Structure formats: structure tokens, C-alpha cells
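The values are calculated or read from the model by the stated rules, or taken from the named source; none is laboratory data. It should be emphasised that the depicted structure is a prediction, and the values quoted were computed from it without experimental measurement. Heads up, the Cβs are rebuilt from the backbone with ideal geometry, glycines too, and the neighbour counts pull from every protein chain shown.
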Amino acid sequence: MSQPLILPDDLPTWVPGELTVHSPDQGWDGVSVRGYKYARSDVDVPAMRDYMIVAYHRGDTEMSREMEGRWTHHSLRPGDVSLLTRAAQSHWVWPRDIEVVHVYLTEEELAATCRQMYEREVDEIELHDVLKADDPAIYRAAIQIASEAARGGVGSRLIVDSLACQLSVQILRRHAHVRFRKESRTGCLSHHQMRVLNELIRTEMGSDLTLQQLADAIGLSRFHFARTFKDTTGTSAHEYVTMQRVERAKVLLQRTRQPLSDIAALCGFADQSHFTRVFGQRVGVTPGKFRSGT
């Protein structure tokens with residue numbers, strides 16, 4: 001029976017060190033950071049849930065790492081980077097004190113960036129076995145993410161989102177093997193076509209979107225589009241758009257104090273009564289109760 005994958009906060013159990021920086025308690029989506037001061041160590045690291053980037057910040061040391069019975073050895077100094085793929089056990093040995101920054105990317109975060117880059121569905125991403133990478137872009141992004149965790153402030157979440165995207169793109173370009181998902185079904189919409197449709201729905205949500213508009217956006221006949229869309233998503237285009245309207249309404253209800261009538265119009269419902277009825281059917285509570293949390 002395989003051991004459960006450990007989370008970033010679990011790592012000090014196996015690799016003790018002095019914590020120097022930490023992601024905010026409320027967390028960031030898809031990315032987290034920890035900084036550590038480490039004394040010389042000889043440690044086993046269990047398989048981790050996330051991909052790990054180690055940026056060497058202070059101190060020079062020899063480093064040895066074993067993965068799947070294969071040892072690699074390098075001299076590491078500030079500016080160097082190590083990469084560790086997710087779900088892989090490893091053993092690390094270093095003889096001198098160092099200070100590092102760990103950035104963790106979730107499987108979902110890296111896969112989402114990969115889908116946007118290649119417009120294909122991803123089956124698996126594996127980082128190359130890189131103990132020493134001279135990659136200033138990765139190092140710079142990791143250190144900047146750590147700086148945002150230490151400093152915080154207005155706009156920090158947006159900055160970290162941008163840095164995590166840059167970091168993911170650089171890793172995917174230079175340091176990863178991607179296995180794309182084979183198309184198991186015929187007659188389905190591509191990832192690119194779905195992206196076009198989702199963008200249209202997002203930008204035109206306040207209008208009365210028609211099946212013809214959706215079909216025209218990806219160059220299909222209305223009949224062919226309706227059949228293919230349902231084969232792809234498992235639901236009708238009308239229901240899909242309705243659920244997108246409901247999800248957008250949820251965000252506006254939680255983040256703004258706009259009147260329900262305004263939210264109904266922004267999300268493309270005929271009127272407030274229509275909004276209340278549809279929202280209640282799909283969420284189980286009225287918009288007002290959803291906003292108040294009751």
C-alpha cells in the first residue's frame with residue numbers, strides 16, 4: 001500500500017530547519033512558499049503532493065541527492081535551483097549550512113498553465129531530475145514570491161499569480177516532460193474551441209446569448225454544435241450557459257453589495273424574479289440567503 005503524499009507544511013517533520021518565511025495563513029491558489037535555514041543534513045524526503053522548486057539563497061555547499069537508486073552530486077551556491085517532481089521519494093545530503101526558499105506548485109496549477117500553453121488536455125507532468133539548474137528566471141521568480149510572502153500588502157495576490165504563471169511557463173519550457181491525454185472520444189470539441197466558447201460566454205454574459213452565436217463562434221452549424229457540445233460536456237449549451245450565469249452571480253453576491261436586480265442584469269437573467277427562481281433551483285437557496293450566509 002503506497003504512503004500518502006505529504007504537504008509542504010509536513011516537510012519539517014523529515015527535514016528540520018529554521019522557518020524564515022511562510023505563505024499567508026489564508027493561502028494562495030496553486031502555489032505556496034517556505035523559507036528555511038538548514039544546518040548540514042542527511043535526510044529522507046517522502047513523496048510530496050506538490051512539485052518543489054528549491055532556490056539556494058545563502059551559503060555554498062556540496063549537495064548529493066538520490067532518486068530511484070540514482071545519485072547525483074553538485075556544488076551549489078546562491079542563484080542555483082533544484083527541482084523535485086511530485087510523488088517521488090528522495091534522499092538529500094549536504095555538509096554545510098545553507099538558506100533556501102522552497103516554492104511549491106500544485107498539480108492543478110502546473111497542468112492549468114500547460115493546457116493554456118499547448119491547448120491540449122494534460123495526462124501527466126514530470127519534472128526532470130535537476131539537482132542544479134542555472135536558471136535565473138526560475139530563481140528570480142522564487143525569490144520574488146518569497147518576498148511577497150514576507151511583505152504582503154495590497155495586490156500581493158495578483159503579483160503572486162503572475163509570478164507563479166511565469167515560473168510554471170519556464171519549468172514547462174525547459175525542465176519538464178509532459179504526457180498529453182489521448183483523445184478517447186470522437187466528435188468532441190477541442191480544448192481551444194471550449195476556451196473560445198467560455199470567453200464568449202464570459203464577455204457576453206449580460207446579453208441574450210443564442211445557440212447560433214455559440215455555434216458561429218467556432219464555425220459549426222447549430223445542429224452539429226448542439227450535438228457535439230453535449231457529447232463534450234455532458235449537458236446542453238443552454239444549461240451550461242445558465243450555470244455559468246449562476247457561478248458569476250455567486251461571485252458578485254459574495255464580493256459586492258450590488259442590488260439583486262443589477263446582478264440579475266449583469267449575469268443575463270431576464271429580471272430579478274427569473275434570477276431568484278433559477279438561482280434557487282440550482283443552488284438550493286435564494287440569492288439573498290446565499291449573500292447573507294443563512
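Only a single item in (1) of a type in the set (D, E, K, R); (2) modelled with pLDDT of 95 or more; (3) surrounded by fewer than 14 Cβ atoms within 10 Å (Cβ to Cβ) is not met by residue 227, and it is number (2).
Could you go through the stretch 15-25 and let me know if any residue there is without any contact (Cβ under 8 Å) to a residue 40 or more places away in the chain, assigned by TED's automatic domain parsing to the domain that holds residue 149, within 22 Å of residue 160 (Cβ to Cβ) and touching a Phe, Trp or Tyr at 6+ places or on another chain (Cβ under 7 Å). Spell out how you get there, then give the answer.
Initially, the stretch 15-25 is screened for residues without any contact (Cβ under 8 Å) to a residue 40 or more places away in the chain, giving 16-19, 25.
With assigned by TED's automatic domain parsing to the domain that holds residue 149 added as a condition, the list becomes 16-19, 25.
The next check asks that each one be within 22 Å of residue 160 (Cβ to Cβ); those that pass are 19, 25.
Imposing the further condition that a residue be touching a Phe, Trp or Tyr at 6+ places or on another chain (Cβ under 7 Å) reduces the set to 19.
Yes.
Can you tell me which condition residue 46 does not meet? The list is (1) within 20 Å of residue 109 (Cα to Cα); (2) free of Cβ contacts under 8 Å to residues at least 60 places away in the same chain; (3) surrounded by 15 or more Cβ atoms within 10 Å (Cβ to Cβ), and all the others hold. The failed condition is (1).
Based on this model, can you work out whether residue 65 counts as under 16 Å from residue 133 (Cβ atoms) and charged (D, E, K, R)? Yes: the conditions hold for residue 65. I'm checking my understanding of the structure. Among residues of the stretch 26-39 that are in a loop (DSSP other than H, G, I, E, B) and more than 13 Å from residue 100 (Cβ to Cβ), which one is modelled with the highest pLDDT? Looking at the filtered set, the residue picked out is 30. Which one is surrounded by the fewest Cβ atoms within 10 Å (Cβ to Cβ), of the residues in the stretch 22-41 that are within 21 Å of the chain's Cα centre (by Cα) and of a type in the set (A, V, I, L, M)? It comes out as 31. Looking only at residues in the stretch 64-119 that are part of a loop (DSSP other than H, G, I, E, B) and of a type in the set (Gly, Ala, Ser), the one that is farthest from residue 161 (Cα to Cα) is 69.
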